[in-house]
Amino acid sequence: MKLKTFKLSLFLCCAILLTGITSACGIQQDVVIGTQTYTETKILAEMYKALIEDKTNVSVDIIPDLASSSIVINSMKRNDIQMSTLYTGEIFNNHFPISETKDRAKVLEEAKAGFDKYFHFTWLDPLGFENTYAFTVRKDLADSKGYQKISDVKKDMASMKLGVDTTWLEREADGYPAFSKAYGINFGQVFPMEISLVYSAVANRQVDIVLAYSTDSRLKAYQLQTLKDDKQFFPPYDASPVIRTDILQKHPEIKDAIAPLIGHIDADTMISLNYQVDIEKKSEREVAIAYLKEKGLIKS
């Protein structure tokens, strides 16, 4: 882990140094977008870049694979990068005081106000999807049992096998004990495993239900169905573009350029886009450009 972190830090330093060198040569990028390691943030960054460069005179570069949201935020604070995609549930990571709420509108409001006040970031409205924990079953099981929401499985819980991320079992605020208390659900057997294994485990009938991520491409690959969190147990993690406020003051046209994305990318769309990269092995840029063209947002 230390080696991986060192390599990522070295990559970021090299990328920033390169930006400085190109600036000296008169090739300065007006905006640098940072992404986390997972696919959807890279696809979205390519969309931002394509729209901004198509609709404005602002030049854009992308630095991918920043190890965590905290590295993204600190890089934005230092002005190493100026823009990224973040998720509203980020407010629960002790950046600033917040109220105890899981209401989506309230969490969004606190993300906007807190990151404006404490970081001078402009948190834009959500893109239309959230990437959060989601209980997931095979589609054929959901159809035969009529499972649509988490509460629906309570009647069968004693005979069900749960596959779950090892760390989630021990988390106090939103882990298994708190979930069981909120829903009154205790599964017959629980199998801890790496998060990357839960998808194949449920698809291969080794377990009946798993805790997955709501926009993971493997939901489509394995024909899995997520169940609605009808008691709103998990905090909302709505995806939004976030930009340094000083950059928006200098280039207000950036907000207008990416505005067509706001509220228009739902979870099914994001799963499909992730699938094209993760499973079909297309590049993030190829997928982003194809989507923008399909929606008539760019011509070339």
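The values are calculated or read from the model by the stated rules, or taken from the named source; none is laboratory data. It should be emphasised that the depicted structure is a prediction, and the values quoted were computed from it without experimental measurement. A quick note on method: Cβ atoms are made from the backbone with ideal geometry, for glycine too, and the neighbour counts reach across all protein chains shown. The protein model used for the area step is the full one, side chains on, heavy atoms only, and it has no ligands, DNA or RNA in it. Shrake-Rupley method; radii C 1.70, N 1.55, O 1.52, S 1.80 Å.
Looking at segment 255-275 only, could you name the residues that are touching a residue at least 40 places away in the same chain (Cβ under 8 Å) and over 19 Å from Met83 (Cα atoms)?
His264, Asp266, Ala267, Thr269, Met270, Ile271, Ser272, Leu273, Asn274, Tyr275
Name the single residue that is least open to solvent (accessible area, probe 1.4 Å) among those in segment 257-283 being among the acidic types (Asp, Glu) and closer than 20 Å to Glu130 by Cβ.
Asp278
Report, by residue number, each residue of segment 115-148 that is among the aliphatic types (A, V, I, L, M) and open to solvent by 20 Å² or more (accessible area, probe 1.4 Å).
Leu141, the sole residue that qualifies.
Name the one entry in Gln232, Gln206 that is more than 19 Å from the chain's Cα centre (by Cα) and either surrounded by fewer than 20 Cβ atoms within 10 Å (Cβ to Cβ) or under 30 Å from Asn57 (Cβ atoms) (or both).
Matching residue, one of Gln232, Gln206: Gln206.
Quick check on segment 235-256: of everything there that is open to solvent by less than 40 Å² (accessible area, probe 1.4 Å) and part of a loop (DSSP other than H, G, I, E, B), which residue is nearest to Ile52 (Cα to Cα)?
Per the criteria, the residue is His251.
Anything in segment 229-270 that is among the polar types (S, T, N, Q) and farther than 30 Å from Glu100 by Cβ? List them, or say none.
Across segment 229-270, the qualifying residues are Gln249, Thr269.
Let me confirm something: among Gly175, Gly188, which residue is modelled with pLDDT under 95, open to solvent by less than 80 Å² (accessible area, probe 1.4 Å) and more than 18 Å from Leu219 (Cβ to Cβ)?
Sole residue among the options that is modelled with pLDDT under 95, open to solvent by less than 80 Å² (accessible area, probe 1.4 Å) and more than 18 Å from Leu219 (Cβ to Cβ): Gly175.
Find the residue count for segment 219-229, including only residues that are open to solvent by 60 Å² or more (accessible area, probe 1.4 Å) and in a loop (DSSP other than H, G, I, E, B).
Total meeting the criteria: 2.
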